[in-house]
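What follows is a short report on a single structure.
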Amino acid sequence: MQMFRTVCVLVLAGMSFAAVSSNPSVQDEVVADEITPKLIPQPRKVELQTGKHRLTPEFRIGVESRQFAQLGKYLRSRLILATNYDFDVVVGEGWSKVSGLRLHIDERLLDTLGEEGYRLTVSKRNAEFLAATPTGLFYAIQTYCQLLPPEIGAKSVQRGIDWVAPCIKIEDVPRFGWRGMMLDSGRHFFSVDAIKAFLDQMARHKMNRFHWHLTEDQGWRLAIRAEPKLTEVGARRSETPILSDRNNGDGQPYGGFYSQEDVREIVAYAAERHIMVIPEIEMPGHCQAALAVHPELSCTGGPFEVATRWGVHRDVYCAGTDETFHFLARVLTEVCDLFPAPYVHIGGDECPKDRWKDCERCQKRIADEGLEDEQELQAWFIQRMEAWLNARDRQIIGWDEILEGELAPNATVMSWRGVQGGIAAAKQGHDVIMSPTSHCYLDYFQSKNTEGEPPAIGGYLPLKTVYAFEPIPAELTEDEGKHILGAQGNVWTEYIATPEHMEYMTWPRGCAIAERVWSAKDVRDFDEFSVRLEAHLARMKVLGVNFRAPKATD
Ligand code: ACM
Ligand code: ZN
C-alpha cells in the first residue's frame, strides 16, 4: 500500500510539473516519465518538485561537523572525476551558508529515520542531505548520485553533459537491517581490488553486510600468524576440476590468500562504505584444506591434500579430540582481532557423519557427553564454539544445519535449504537471515536457455524469481517475523573464476535482492522494476560493471 501511494505522489507531482510548461496530457506523461527518477532500490517516499537542479562548478560541499567530514570527501570523490568540478568542502563553521550540497545530522530524527534512513531535498541551487547518523547520510549520497545522469559514474572527465537532476524530496528508510551478499573466496580467489569493486557495488545498492566465505576444502584463504602453514600449504591446490568434465582436473596448480594487512584494508574499505564484514570460518565440515596441514585433527589421521574436486567431502574435523578446539581457538583469536563485526559465521553446513561414526574418539565423546548420536555431536560441537565466541563478545551465525540436534542458545540461523529452517529458528526465538537456494543463489543459471551462458553450478534462478522473493514467510506471526533480520545473495564460486564472471552472475540479480531488503514489502511490480532497471543498468555500464542484461526469453 505504501508503495502504491508513493507512485501516485510521484506521478501526480511529475504531471503537475509538466503542466507548467505545456498542455496536452499525453505529452505531460512523456515529460513526467522522463523526469521520474529511476532509483534502485526504490525509496519509501518520493515527491517530485517543479524545476531542475543543476550541478555547476560553483557548487560547494558544506559539512556540519568534523565527525563526518569524511562523508563530504566521499561525496566529492563521487562527483569530481566525471565533472572535473573542483568542489570545495567546507567543514564546520559556515557549512550551512554554502551554495551547493549540505550534509547535516539531526539525532532527534532517530525515531523517524532510524540508524540508516535519510531525507534528501534537492532544489534548484542546493541539495540538503539530512539523517540521524552518518550511515543515513551515506545512503542519501547514493540516492543523490542516482538522480544525476549515469555519466556521473565515469572515471574520466565527461564533456558536454548537462549535470541535471529533478528537484525532489525523498524520505527513505530500509525495511531490513541485514542487506547482504556472500562471496566464496575459498573455491576461487578474488584479489583485494576485485573485492573492493564488489563492496562498491554493494554500497551503491545500500547493502550493508559482506559475508566473506574464507575457508573451504579447496583452499584456506586467510593468513593466521599462529598457523602459517594454513596458507603456505592450505591455500594451494594441485589442480581445479575442468568445466566440461567435473570429475577431471586441469593439472594447473591454483592458489591465493589474504594477508592480515589485506584483510584490514578490506575491512576498513568496507567500513567507509558502512558495510560490516562477517568472516566465515567453516566447521566441522568443508575443512579439507586445513586437514591437509593438520591431518591429526581428522578422525582417520589422513594424509590429505587440499581438495581438487568440488562437492561435499567426508573428512571433517574430529569432534573427539580437544586438539581440534585448541586449533580453532588459535584461528578464531586472530579472526576476532581482524574483524570487528559482532558476528562470526562458523558454517555448520554439509558435514557428513561417516568418519565420526567410525571414530573411537568421536564415539567416546558421544558417550562422555551423554549425546544421542552424531547429529547431537554436531550440535555439541557448534555449541562449544558458540560458548567460546560468546565469551569473546561474538555471536555465531550458522547455516540451517545447525538446527539439527539442538540449536546453540544464541545462534543466528542462515536459512539456505529453503526457508523452513528459517521458519523453525524464528519460531524458537532465534534471529534468521534468509538466503534460500530458491531465490538467492546467484551461482545458478539466470536463463532457461543456457546456450551462450557462461558456466554455472546448475539450477535456474532468473531475475524475476529473485525479485519475487519475500524474506518473511507467511507462516510467521508478526512477532516471529521480527526475527528475520533480512536476506542475502550468495555467490558461490566453484564455476566462477574471474571478477568479470562474478559480476555477471551477481548483477542485476543483486539489484533485485537489494530492493527486496531495502524497499517496502509491496514494491513488487516486476515490470515497473524492469523500467527502473534499464536506467540503472546504464549507470552500471558507465561504471564498467560486467552485468548480464536481462532477456525476455529468460
Ligand atoms: C551451502 O550452500 N552449502 C550453504
Ligand atoms: Zn573423530
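The values are calculated or read from the model by the stated rules, or taken from the named source; none is laboratory data. Note that the structure is predicted; figures quoted are calculated from it, not measured. Glycine also receives a Cβ, built like all others from the backbone with ideal geometry; neighbour counts cover every protein chain displayed. Remember, those area values only see protein heavy atoms, side chains included, never the ligands or the DNA or RNA. Shrake-Rupley method; radii C 1.70, N 1.55, O 1.52, S 1.80 Å.
Checking I40, I35 one by one, the residue that is modelled with pLDDT of 95 or more, on the phi < 0 side of the Ramachandran plot and β-branched (V, I, T) is I40 and no other. As a summary of the residue check, P284 satisfies the conditions (1) within 16 Å of ligand 1 (Cβ to nearest atom); (2) under 23 Å from R209 (Cβ atoms) except for the one numbered (2).
Here L407 meets the list (1) out of contact with any His (no Cβ under 7 Å at 6 or more places or on another chain); (2) surrounded by 17 or more Cβ atoms within 10 Å (Cβ to Cβ); (3) free of Cβ contacts under 8 Å to residues at least 40 places away in the same chain; (4) not polar (S, T, N, Q) almost entirely, failing just condition (1). Residue pairs whose Cβ atoms lie under 7 Å apart, separated by 6 or more positions or on different chains, with the first residue in region 494-513 and open to solvent by 30 Å² or more (accessible area, probe 1.4 Å) and the second β-branched (V, I, T), are E503/V545. Of the set (1) in a helix (DSSP H, G or I); (2) modelled with pLDDT under 95, all apply to D86 but (1). For region 268-281, the set of residues classified as within 14 Å of the chain's Cα centre (by Cα) and open to solvent by less than 20 Å² (accessible area, probe 1.4 Å) consists of A270, I275, V277, I278, P279, E280, listed by residue number. L332 fulfils the conditions (1) open to solvent by 40 Å² or more (accessible area, probe 1.4 Å); (2) away from ligand 1 (no atom under 16 Å from the Cβ); (3) closer than 29 Å to W178 by Cα except for a single criterion, (1).
Can you name every residue in region 131-144 that is under 20 Å from Q42 (Cβ atoms) and open to solvent by 10 Å² or more (accessible area, probe 1.4 Å)? Give the steps one after another, and end with the answer.
To start, the set of residues in region 131-144 that are under 20 Å from Q42 (Cβ atoms) comprises 131, 135-144.
Hit for region 131-144 is T135, nothing else.
Restricting region 303-313 to residues that are closer than 20 Å to V233 by Cα and open to solvent by 30 Å² or more (accessible area, probe 1.4 Å) leaves a set whose member that is farthest from ligand 2 (Cβ to nearest atom) is W310. As a summary of the residue check, A425 satisfies the conditions (1) within 16 Å of ligand 1 (Cβ to nearest atom); (2) part of a helix (DSSP H, G or I); (3) surrounded by fewer than 17 Cβ atoms within 10 Å (Cβ to Cβ) except for the one numbered (3). When the residues of region 444-459 are filtered to those that are open to solvent by 10 Å² or more (accessible area, probe 1.4 Å) and in contact with a Ser or Thr (Cβ under 8 Å, 6 or more places away or on another chain), the one that is farthest from N208 (Cα to Cα) is N449. Consider region 53-102. How many of its residues are more than 20 Å from Q158 (Cα to Cα) and either touching a Pro at 6+ places or on another chain (Cβ under 9 Å) or among the β-branched types (V, I, T) (or both)? Result for region 53-102: 10. Scanning region 37-72 for residues that are surrounded by fewer than 15 Cβ atoms within 10 Å (Cβ to Cβ) and under 25 Å from the mean Cα position of the chain (by Cα) returns a single hit, Q70. Residue check: is G177 open to solvent by 30 Å² or more (accessible area, probe 1.4 Å) and on the phi > 0 side of the Ramachandran plot? Considered against the rule, which asks whether it is open to solvent by 30 Å² or more (accessible area, probe 1.4 Å) and on the phi > 0 side of the Ramachandran plot, G177 comes out as no. Flag set for K521, criterion: surrounded by fewer than 21 Cβ atoms within 10 Å (Cβ to Cβ), at pLDDT 95 or above, over 30 Å from F189 (Cβ atoms) and of a type in the set (K, R).
Checked against (1) within 24 Å of E232 (Cα to Cα); (2) away from ligand 2 (no atom under 14 Å from the Cβ); (3) of a type in the set (A, V, I, L, M); (4) open to solvent by less than 20 Å² (accessible area, probe 1.4 Å), L291 passes all but condition (2).
Of the residues that sit in region 342-367 and are among the aliphatic types (A, V, I, L, M) and either open to solvent by 40 Å² or more (accessible area, probe 1.4 Å) or over 30 Å from A271 (Cα atoms) (or both), which one is nearest to ligand 1 (Cβ to nearest atom)? Steps first, please.
Just the residues of region 342-367 that are among the aliphatic types (A, V, I, L, M), to begin with: 344, 346, 366-367.
Filter again for either open to solvent by 40 Å² or more (accessible area, probe 1.4 Å) or over 30 Å from A271 (Cα atoms) (or both), leaving 366-367.
Working: I366: 25, A367: 30 Å.
Across region 342-367, the extreme among qualifying residues is I366.
When G418, G320, G370 are screened for being open to solvent by 10 Å² or more (accessible area, probe 1.4 Å), at pLDDT 95 or above and within 16 Å of ligand 2 (Cβ to nearest atom), only G320 passes. Give just the number: which of (1) within 16 Å of ligand 2 (Cβ to nearest atom); (2) part of a helix (DSSP H, G or I); (3) of a type outside the set (V, I, T) does C299 not satisfy? If we test C299 against (1) within 16 Å of ligand 2 (Cβ to nearest atom); (2) part of a helix (DSSP H, G or I); (3) of a type outside the set (V, I, T), just (2) comes out false. Applying the set (1) at pLDDT 95 or above; (2) more than 17 Å from the chain's Cα centre (by Cα) to G458 leaves exactly one unmet item: (1). Scanning region 112-130 for residues that are surrounded by fewer than 17 Cβ atoms within 10 Å (Cβ to Cβ) and not β-branched (V, I, T) returns E115, S123, K124, R125, N126.
Would you point out the residue of region 76-111, among those that are touching a residue at least 60 places away in the same chain (Cβ under 8 Å) and open to solvent by 20 Å² or more (accessible area, probe 1.4 Å), that is nearest to S65 (Cα to Cα)?
Of the residues in region 76-111, the ones touching a residue at least 60 places away in the same chain (Cβ under 8 Å) are 78-79, 81-84.
Okay, now just the ones that are also open to solvent by 20 Å² or more (accessible area, probe 1.4 Å), so 78, 81, 84.
Details: R78: 20, L81: 25, N84: 26 Å.
Across region 76-111, the extreme among qualifying residues is R78.
Hey, which of the strands (runs of 3 or more DSSP E) in region 116-182, taking only ones fully inside, have at least 2 residues that are among the β-branched types (V, I, T) and more than 21 Å from the chain's Cα centre (by Cα)? Before you say what the answer is, go through the steps one by one.
Working: elements: 118-122, 127-131, 164-172.
Here the list reads 118-122, 164-172.
Restricting the first member to region 295-324 and to residues that are on the phi < 0 side of the Ramachandran plot and of a type in the set (V, I, T), and the second to residues that are within 12 Å of ligand 2 (Cβ to nearest atom) and not in a loop (DSSP other than H, G, I, E, B), the beta-carbon pairs closer than 6 Å and six or more apart or on different chains are T321/R361; T324/L297. For region 472-514, a tally of residues being within 16 Å of ligand 1 (Cβ to nearest atom), part of a loop (DSSP other than H, G, I, E, B) and either more than 28 Å from P241 (Cβ to Cβ) or among the aliphatic types (A, V, I, L, M) (or both) returns 1.
Are there any helices (runs of 4 or more DSSP H) wholly within region 183-277 with 1 or more residues that are under 20 Å from D443 (Cα atoms), and if so which? Output list reads 192-204.
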